[in-house]
Each structure stands twice: as structure tokens, then as C-alpha cells.
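Below is one structure, written out as C-alpha cells; comments come after it.
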There are 4 protein chains.
Amino acid sequence: MDELEIDAVAEVQLDDPVLVEGLPGVGHVGKLAVDHLLEELEGESTLVRRLYSREFPPQVTVEDGISELTCAEIHAVSVPEGRDLLVLTGDHQAQTNDGHYLLTTAFLDVAEEFGASEAFALGGVPTGELIDEYAVVGAVGNESLRDDLEEVGVEFREDEPAGGIVGISGLLLGLGERRGFDVACLMGETSGYLVDPKSARAVLEVLEELLAFDLDYETLDERADEMEDVIGKIQEMEQQQQQQQMPTDDDLRYIG
Amino acid sequence: MDELEIDAVAEVQLDDPVLVEGLPGVGHVGKLAVDHLLEELEGESTLVRRLYSREFPPQVTVEDGISELTCAEIHAVSVPEGRDLLVLTGDHQAQTNDGHYLLTTAFLDVAEEFGASEAFALGGVPTGELIDEYAVVGAVGNESLRDDLEEVGVEFREDEPAGGIVGISGLLLGLGERRGFDVACLMGETSGYLVDPKSARAVLEVLEELLAFDLDYETLDERADEMEDVIGKIQEMEQQQQQQQMPTDDDLRYIG
Amino acid sequence: MDELEIDAVAEVQLDDPVLVEGLPGVGHVGKLAVDHLLEELEGESTLVRRLYSREFPPQVTVEDGISELTCAEIHAVSVPEGRDLLVLTGDHQAQTNDGHYLLTTAFLDVAEEFGASEAFALGGVPTGELIDEYAVVGAVGNESLRDDLEEVGVEFREDEPAGGIVGISGLLLGLGERRGFDVACLMGETSGYLVDPKSARAVLEVLEELLAFDLDYETLDERADEMEDVIGKIQEMEQQQQQQQMPTDDDLRYIG
Amino acid sequence: MDELEIDAVAEVQLDDPVLVEGLPGVGHVGKLAVDHLLEELEGESTLVRRLYSREFPPQVTVEDGISELTCAEIHAVSVPEGRDLLVLTGDHQAQTNDGHYLLTTAFLDVAEEFGASEAFALGGVPTGELIDEYAVVGAVGNESLRDDLEEVGVEFREDEPAGGIVGISGLLLGLGERRGFDVACLMGETSGYLVDPKSARAVLEVLEELLAFDLDYETLDERADEMEDVIGKIQEMEQQQQQQQMPTDDDLRYIG
């Protein structure tokens, strides 16, 4: 196998589409958002490309005994009343620093091939504590994009995210900007300890306004309710521990 | 040395052979199975290829003072009453993610060169506890292969193996399927803590029925008895500890 | 993206310039020194090159919501009364051994392109204890450079730094010397536990004498005062602990 | 810099020379042996090649303020009464698996260029306990070399070294044999805990007989005496601890 192999699964004509990326990351926010988007707009979407790479982990997933080689998928979504979308999803980031550059370049190549010149990277920004009001924090490749995002409620903060943005989301900003894409990263606040469907909803609601599509959130809210139950149990456990000893954030860190 | 060097040790004419892989992995099930297969069918087998690679660890094994550079070996086995086999064995997986892709591609190249279009990857699936009845769990590259395997007792389970299949066995499925091979992985249940000759026998018995060869299991059963003794001693030790403190799985983890 | 991409941001004519490198390292001495140099000589400096590489971590920094892809920058500084400078700064070393060779080679290529044949790598040398008098320790690519440096107070010691010089500073010496550059490394003594603006000042004062430029140290001294406060608090904590238990260096190690 | 750069420092005509390798490893036995060999035969030796590589750590050593880029050196030694030697020394193994293959191939290339078709890799084999009688254990690329080595006291053992031979010594056997070199590895027994000049002497004495050169051991014996003092102190400390608690091998492991 070559370092990168792109399978053209289908060809679809899109009108000025926007690349929307949601790979695994903080709180799985980006992946949850993109998976929900594809689920809700299933009728309008077509799998157009599969990207296989030696930069992905050497493994297959198995469902009902059928194996699938690790890959990233790009779906074309023709939204009747809004902008066309190219939705990027997958189960893995690259496995090396170098690989992140290689894969992000490939994703931008495919986006360009379909006529895209705009990209949104979706993800989470960790706050370290449980959240009531889910703000969406933004980062953009260049100043000109900031006003539009602020209008729909995206917050721009002086030093956030403090450690920058790492991985494919970060490079979509960095490499996208270098190629002349209009790129933005939308990061839902999330504790960083748990899979966070509420944060994913907050990000999607911003995207809905920007790109004029329309989603139902029932299934995502159900997942959020399940997580609420988990959080409730953790808080109970915490309170019990608190009566015995000082609790720490580490108790939560590896859950979800 | 090049990234990959394939030594053609011998040429053998095979009729529609099946690639059978057994490299080190969970419970050494795959390697035990393949080594036993080669031992029992020694009269009918010929070493045909040695594969050296910079992706293997930089080392030699030494036996009676003679060194052997790390490599993988492919043996041709002409089974009189059954299917011809290409048996892949070796002491190491690749040392990098990238290397797994490179080596698996090379193995499939050799298999194709000998006319193979079918492959079985043998391995173990960890259960976390000692086992009485050794089931064999299957995974296939495409649906059409499932019925034949279920007929000989292979089990297909909704979400197993949970973490997918990693390494060369996983990629034989993933890359083999992409090249049009009929590929399956046969995984013997095993605790995951110990070298498991019984699990290897369970896997080989499935393969015997599928490919119509016939093995004697005396030496493998002897190894299984030796392991039983080891397990007996561990259980004794555990019981002694249990009277003093709570035992943990970690007591077993690194044995074997 | 290629393994290395060099953006020519501006062209400037320099007269026999000297490359001055200050990337992150022990006590951040080199980076503090170079950043202060660029701040103070802002009126005379021009950003001439940005170097992007797959050897840098795959990330963007974000300031006020605007992302910047990780890179190294080279600034041309035309010092009226002294030598022209090419100042190399950035937020990261390379991420692999191999990458250090690649990036250092690129930095020397750019320096040569601007006519440089001399280089100073700035850094810190860890002493393991808090420091009163900041000596500057030197290392040179060849003997002929030693006298000039000793004249301005640089100390050459039999076995220091004991572990050699690692990373891009080390390779600027090693690879620079191989290409015929006159290369020296100036290392300010520093505890190794804390960001050390005083050590950076000691290094800059040596460089001032050597290259005949003239800096104001007000802002650097302010940062030094801030660090003094931090050190004061640590020492207080230490004394309190000492009354309870033996203190260790580890208490300080990860601060700053 | 390229992945590999070989500097031809001098040209020397050798008659059927033998490559002798001694890079850092178990007990530093190989490196001690080769450094002593070069010291004692200094009058007859010439540095002929320096090998620089991106596979070496990115660093310089510094002695008296002068930096030296990490490299491996090959010295030609014209022994009047014995076989000519090509002596390979350096401060580092390769930093990656892949790099070991690359560097060993380069070393064999240089050896071939000087007409060598024979190689000895020198090293230590860890026994886990302090040693009185220093046996030298052998491994050879092919059977035909065993008799000559057994005649001068080298021991060949069924399963030793148990884990095979790792690194450049191992690959000199493995890759050397593949290229038609007569290759052997001579491993002095050593505890594995300490730098071991006595083990180095044992290995050199075997080599003296095989290749007919003649060394004085005064300086090596002095280093051995220094180590004896260290061992004496450790044993004292051990005995003191033993009166307090059970001693462990770990007390020794990281010394030297």
C-alpha cells in the first residue's frame, strides 16, 4: 500500500461546498457533531471518498464479524435550502506528527477537487470543570472571518485555547490558510473529562446559522441525557468520597 | 540493506494455495498454531521465501552459537488430500505502524506470486479469564465468507473483538480485502495472560475442517499440559494470597 | 505540504551578517535573549523568512482568535553602528532526531543565502542550583574562535557542558563547522528550574560587546524581577517544608 | 545534511584487513576493548573515515570548549606481525531501528572498500551477577567459523545470549553474513551493572590470539582496579543494607 490511497467511491456535483471536519478529539465534540450531522442529513448525503493511509493505525474495526480497514471518509451533502457540505469523519487522527501534515494536505486536496475554498474544523476546548452554559470559542485563519462568526455568537478570547490547537483541526487552520482557504475552528466548551453531546449541539447550532441547514436534535439529546446520568453517578460518588477524603479531578479524567 | 529484501529460497508449484499467517500476538495463539502445523506437515513443506526488512527489530537470534537475522518465512505445503498452503511465520511483528502496512503488503505480494487469492490470519482474542471451552471467533473481509465459517463452528459476535484487530493479522484482512483476496481471521479465545496451546488447537481444528488437512496434536497437547501445571501453580499462589489480601489480574498479566 | 517550505517574506541586503539563534531550551535563555533583542531593535529589523516544516509539531498557536501555523522566523537586523544580524526565533525545536538535522541544515542554507558565514547559538547551561553571578560558558566549532570570546569574558571549561549540546544549538555548531561557518555557542549559567531572564541578559551583554550593538534592558529586568518574586515564594515554601521534612530539587524542577 | 555522509579523512593501503567493531553496549565491554586497542596501537593506526548520520543523536560533544559533531570513526591499523585491522568506534548506537540497518550497511560498505571480508563485533553478555572468571561467549554467522574460535577458548552455548544480539553488533552478524563476510561476535561475560574493563581484557586476549597482535594491559588494568574500588564500596553498602532489609539487584543496576 502507498503512503496514501484515495478511493473515489462516487462523484457528485457540488456548488461552492464547505468542508466540515469532525475527527476524534477533546470530549469527542467534533466527531459527535459531524456524526449527528450525517445521521440527520442522511437522505441528502453521499459517501464520495475514502482515504486510506499508512499514517493511520494498522488495524481494522470489526462489526458483526465484518472487518473495515481504518480510513477517513468524506461525504457530500446537498442541502436544499443552504450551502453544500463536504463532511469529513473517521475514527482516528494520524499516528505521527508528520502524518498529521500528510493527511491534512490530502483532505484539503479533496476539498479543492470538489470546489471548496472554505473549511470549518469542529472540536472541543477543555475547561476542566463541568459546564452549564455551553459557549462556542472560535479561531480563524485570518481576521476577515471574525465578524461573521461573532454575529452568530462565537466567542473570541485573548489567550484561548491556551495551548493552541493540535492535530488535524489545527493544521486545517494552518495549512488551509496557507492555501488560501477561509478557515475557522469552532470549539465547544467541554469539561474535557467526558464525551459531551451537549457541547456538540452547541457547535452544530452555530454551524446551522452560518450554513443554513436545519437539524433535529432528538438523538443527540438522548445521548446527552445518558451522559447526564453518568455525571450524576460520578457526582454522587464524589460526594461520598468527599466525606472521606479530598476529591481530585483525576477521578473523572479517564471516563468517557 | 533495502527497506525490504525477499530471498527466493526455493520455487514450488502450488495449486490455488491458501495463505495462513501466524505471527506473535495475544496468547501466542497464531504462532503456536502455525509452528505446530509446520512441524506436523514437515514432510510436505518447503521453505520458499525469507523476507528481511528494516521494519523488523535490528537483531539476530542465536542458536548453538549460529546467528540468524530476524526475518519472516513463508513455507509452501503441498497437502495431498487437501488445499495447498502458504504458511507465514516469524518471531516479530513490524516495529512501527508504517512497517505493518509495508510488511503486510509484501506478504500479500508473495502470496499472489504463488497464485493465492485466499488468506487466513490466525490469532487469539483475549477474554480476561481462564477458559474451559475454547470458542473460535471469526472476522471476515466480506459477508460472503461468513456462512462457510459458521458451518464449521466459528462464532461471529456483534461487537467482538471490541478493539478491532491490530497488527499484521488486522491488515491482512484490511489490505487483503482491498486487493480482492477472500480473507478471514480466526481467533481462539484465550485468557490473554498465558501462552495458550489449547487455544491454538481449537483454531487448528477449525482450519483442518476448512482446508482438509489432518494433524496429530500430541506435541501441542504436551505443551498444553505443561501450561496447565503453570496455571495450577499460579492458582495455588493466588489462593494463598487471597487468604492474605485481594488478588488482582495483574498477578497473571506478565507470565508467559 | 512538503517536508520543508520556506516563505520569502521580504528581501533585505545585508553586509556580512551574523546568524543568531535562540530557540526554546534550558531556562528559555536563548529564546528570551533573542526575543528581547528583536524587541529592542524592532526599528531596524525586518522579518525576511518563515520556515514551515512537517518536523514541527502539528499545531497552530492562537492569539486573539487568529491562528498561526507553527514555524521558525528569521529576522534581518541592520545595526547602524555594528554588525548586521540574522536572528532566528521560534516556539519549537524539531520533534524528531532526524528533524533537528533537517531544520538546522535549512537554517544554515538561509544564512548562507544572506551572505552569513558566522553563527552564534544562544542557550543556557544548567547548574542545578540558584545563581548569583551569571557566568557565560562557551563552546566553539574550532579553536581559532576561542581567544576573541575569552576576551569578552566567556568561560571555557574542561568538561562543560558535560552532556554535550543537544538539539538545534548543538547542530548549528556541528553542521555549521562542517560547512565552514565560524560557529560558537554562548550558554548562560542557569539553575535549569526556572525561566531565567538574568541569564539571558548575561548572554546578550557578551553578544553586545562582540557584535557592537546596544540594548536597553528595562523590560528584561522587569521579567527578572517577576521571576525573583517567584523564587522568593519558592524559597519560603522550601523553608517551611524544611522544618517538616528534607526538601528536594524536584520541588523546583517543573516550575517555569 | 544527507541521511549519511562519509568523510574520507585519509587513504591507507591495507592487506586483507579485519573489521573490529566496539560501540557502546552491555558493560561498555566492546567500546572499552576497542578504545584500548587504539590507544595501545596508536603508532600504527590512522583515522581513515568519519561517518556522520541523521540517525545519530542530534548533538555535539564538547571538550575544552571545542565541539565535535556525533559520528563514528574507522581507524586503519597496520599490525607489523599480524593481520591488518579496521577498527570501528564511536559514542552512539543509531537512534531508531531503521537507523541500525542503515549504519551497519554503511560500516560494511567501508570495510569492503578497504578489502575486508571478515568482521568481529565486540561486546558483553550480561550474567546478572558479579564475575570471577571472565568467559568469552561467541556467536558466528556460519558454522565454519566455530572451530577456530573454540580453539582459542571462546565458548559456544546452546541458548546464549538468550535474547539474541541487538543493535549494530547483531546486524554486523546478520547483514555481514548476508553479504558473504565471515562474521563473529565475541561477548565478554559481565554483570551488566557496571562498566567492565576486565571483561574487555578477556575479549581482547581472545582477539590477540586470533589476529596476532600484542597489547599491554596496564591502563586497562588500572581502570579495572578503579572499578574494583567502586564494587567494594557497593558491596559494603549492600552488607549494611542487608542488616536492615533485603537487598535487590536494582541497587546496582544504574551505576556505571
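The values are calculated or read from the model by the stated rules, or taken from the named source; none is laboratory data. Everything numeric in this text was worked out from a predicted model, so none of it was measured. Because the Cβ atoms are built from the backbone with ideal geometry, glycine has one as well, and the counts that use them run over all protein chains shown.
Would you confirm, using the coordinates I've provided, whether D:Leu173 is of a type in the set (A, V, I, L, M), touching a residue at least 40 places away in the same chain (Cβ under 8 Å), over 14 Å from D:Gly124 (Cα atoms) and out of contact with any Lys or Arg (no Cβ under 9 Å at 6 or more places or on another chain)? When the stated conditions are applied, D:Leu173 passes them. Residues that are charged (D, E, K, R), more than 30 Å from C:Asp229 (Cα to Cα) and at the interface with chain D (Cβ under 9 Å from one of its Cβ atoms) occur in region C:129-145; there is at least one. B:Met1 passes every criterion in (1) within 14 Å of chain D (Cβ to nearest Cβ); (2) surrounded by 21 or more Cβ atoms within 10 Å (Cβ to Cβ); (3) among the aliphatic types (A, V, I, L, M) apart from (2).
Scoring D:Val166 on the criteria (1) in contact (Cβ under 8 Å) with a residue 40 or more places away in the chain; (2) under 27 Å from D:Asn97 (Cβ atoms); (3) hydrophobic (A, V, I, L, M, F, W, C) leaves a single failure, condition (1). Taken over region D:92-118, residues that are out of contact with any Leu (no Cβ under 8 Å at 6 or more places or on another chain) and more than 19 Å from D:Gln13 (Cβ to Cβ) amount to 5.
Does region A:155-189 hold any residues that are small (Gly, Ala, Ser) and within 18 Å of A:Leu88 (Cβ to Cβ), and which are they? If you could, list the steps in order and put the result at the bottom.
Our first condition is that a residue be small (Gly, Ala, Ser); within region A:155-189, this holds for A:162-164, A:167, A:169-170, A:174, A:176, A:180, A:184, A:188.
Of everything in region A:155-189, those that are small (Gly, Ala, Ser) and within 18 Å of A:Leu88 (Cβ to Cβ) turn out to be A:Gly167, A:Ser169, A:Gly170, A:Gly174, A:Gly176, A:Ala184, A:Gly188.
Within region A:95-111, can one find any residue that is under 19 Å from the mean Cα position of the chain (by Cα) and closer than 15 Å to A:Leu37 by Cβ? Looking for residues that are under 19 Å from the mean Cα position of the chain (by Cα) and closer than 15 Å to A:Leu37 by Cβ, one finds none in region A:95-111, hence no. If we scan region C:110-118, do we find a residue that is within 14 Å of another protein chain (Cβ to nearest Cβ) and either touching a Ser or Thr at 6+ places or on another chain (Cβ under 9 Å) or crowded, with 17+ Cβ neighbours inside 10 Å (or both)? Among the residues of region C:110-118, not one is within 14 Å of another protein chain (Cβ to nearest Cβ) and either touching a Ser or Thr at 6+ places or on another chain (Cβ under 9 Å) or crowded, with 17+ Cβ neighbours inside 10 Å (or both), which makes the answer no.
Yes/no per residue for (1) more than 30 Å from C:Asn97 (Cβ to Cβ); (2) in contact with an Asp or Glu (Cβ under 7 Å, 6 or more places away or on another chain); (3) more than 14 Å from chain B (Cβ to nearest Cβ):
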{"site": "A:Ala10", "(1), (2), (3)": "yes, no, yes"}
{"site": "A:Val18", "(1), (2), (3)": "yes, yes, yes"}
{"site": "A:Gly25", "(1), (2), (3)": "no, no, yes"}
{"site": "A:Val29", "(1), (2), (3)": "yes, yes, yes"}
{"site": "A:Glu40", "(1), (2), (3)": "yes, yes, yes"}
{"site": "A:Glu73", "(1), (2), (3)": "yes, no, yes"}
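D:Ser144 falls short on exactly one of the conditions (1) out of contact with any Gly (no Cβ under 9 Å at 6 or more places or on another chain); (2) modelled with pLDDT of 95 or more, and that condition is (2).
Any chance region D:191-213 includes a residue that's crowded, with 21+ Cβ neighbours inside 10 Å, free of Cβ contacts under 8 Å to residues at least 60 places away in the same chain and under 26 Å from D:Glu39 (Cβ atoms)? No; the residues of region D:191-213 include none that is crowded, with 21+ Cβ neighbours inside 10 Å, free of Cβ contacts under 8 Å to residues at least 60 places away in the same chain and under 26 Å from D:Glu39 (Cβ atoms).
Restricting attention to region C:55-78, the residues being crowded, with 24+ Cβ neighbours inside 10 Å, under 19 Å from the mean Cα position of the chain (by Cα) and among the small types (Gly, Ala, Ser) number 1.
Just name the residue that is surrounded by the most Cβ atoms within 10 Å (Cβ to Cβ) out of those in region D:87-99 that are within 11 Å of chain B (Cβ to nearest Cβ) and more than 18 Å from D:Asp2 (Cβ to Cβ). Among them, the one singled out is D:Gln93. Only one entry in C:Ala212, C:Ala202 is more than 9 Å from chain D (Cβ to nearest Cβ) and more than 17 Å from the chain's Cα centre (by Cα), namely C:Ala212. Looking at region D:102-140 only, could you name the residues that are part of a strand (DSSP E or B) and closer than 13 Å to D:Gly180 by Cα? If the condition is that a residue be part of a strand (DSSP E or B) and closer than 13 Å to D:Gly180 by Cα, then D:Glu118, D:Ala119, D:Val140 are the ones that fit.
Within region B:32-51, the only residue that satisfies the criterion of being assigned to a helix (DSSP H, G or I), closer than 25 Å to B:Lys198 by Cβ and among the small types (Gly, Ala, Ser) is B:Ala33. Here B:Pro24 meets the list (1) within 30 Å of B:Gly192 (Cα to Cα); (2) part of a loop (DSSP other than H, G, I, E, B); (3) modelled with pLDDT under 95; (4) not aromatic (Phe, Trp, Tyr) almost entirely, failing just condition (3). Cβ-Cβ distances below 7 Å connect the following pairs, each with a first residue in region D:146-162 that is more than 9 Å from every other protein chain (Cβ to nearest Cβ), a second residue that is surrounded by fewer than 18 Cβ atoms within 10 Å (Cβ to Cβ) and assigned to a helix (DSSP H, G or I), and a separation of six or more residues or different chains: D:Val152/D:Glu209.
Evaluate the following for B:Gly82: is it assigned to a loop (DSSP other than H, G, I, E, B) and over 16 Å from the mean Cα position of the chain (by Cα)? Yes, satisfied. Here D:Leu130 fulfils each of the conditions (1) under 30 Å from D:Glu238 (Cβ atoms); (2) buried (at least 16 other Cβ atoms within 10 Å of the Cβ); (3) in contact (Cβ under 8 Å) with a residue 40 or more places away in the chain apart from (2).
Looking across region C:42-69, the residues that are within 7 Å of chain A (Cβ to nearest Cβ), of a type outside the set (D, E, K, R) and at negative phi come down to C:Pro57, C:Pro58, C:Gln59, C:Val60, C:Thr61, C:Val62, C:Ile66, C:Ser67, C:Leu69.
Considering (1) within 24 Å of B:Ser117 (Cβ to Cβ); (2) more than 14 Å from chain D (Cβ to nearest Cβ); (3) not polar (S, T, N, Q); (4) not in a loop (DSSP other than H, G, I, E, B), the lone condition that B:Ile6 does not fulfil carries the number (2).
Pairs please, first residue from region C:104-117 and within 21 Å of C:Ile165 (Cα to Cα), second anywhere and at pLDDT below 95 and surrounded by 14 or more Cβ atoms within 10 Å (Cβ to Cβ), Cβ atoms under 6 Å, 6+ apart in sequence or on different chains. Within 6 Å, the pairs are C:Thr105/D:Met1. Filtered by the rule that a residue be closer than 24 Å to B:His28 by Cβ, loosely packed, with under 11 Cβ neighbours inside 10 Å and modelled with pLDDT of 50 or more, region B:234-254 gives a lone residue, B:Glu236.
Every residue, every condition in (1) of a type in the set (Asp, Glu); (2) closer than 19 Å to C:Gly25 by Cβ; (3) under 16 Å from the mean Cα position of the chain (by Cα), yes or no:
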position	(1), (2), (3)
C:Glu143	yes, no, no
C:Leu172	no, yes, yes
C:Asp182	yes, no, no
C:Gly188	no, yes, yes
C:Asp196	yes, yes, yes
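Looking across region C:171-186, just one residue is in contact with a Pro (Cβ under 9 Å, 6 or more places away or on another chain) and aliphatic (A, V, I, L, M), and that is C:Leu171. Scanning region C:172-190 for residues that are surrounded by fewer than 20 Cβ atoms within 10 Å (Cβ to Cβ) and part of a strand (DSSP E or B) yields a single hit, C:Asp182. Going by the conditions given, is D:Phe181 within 14 Å of chain B (Cβ to nearest Cβ), touching a residue at least 40 places away in the same chain (Cβ under 8 Å) and not acidic (Asp, Glu)? So D:Phe181 fits the description; yes.
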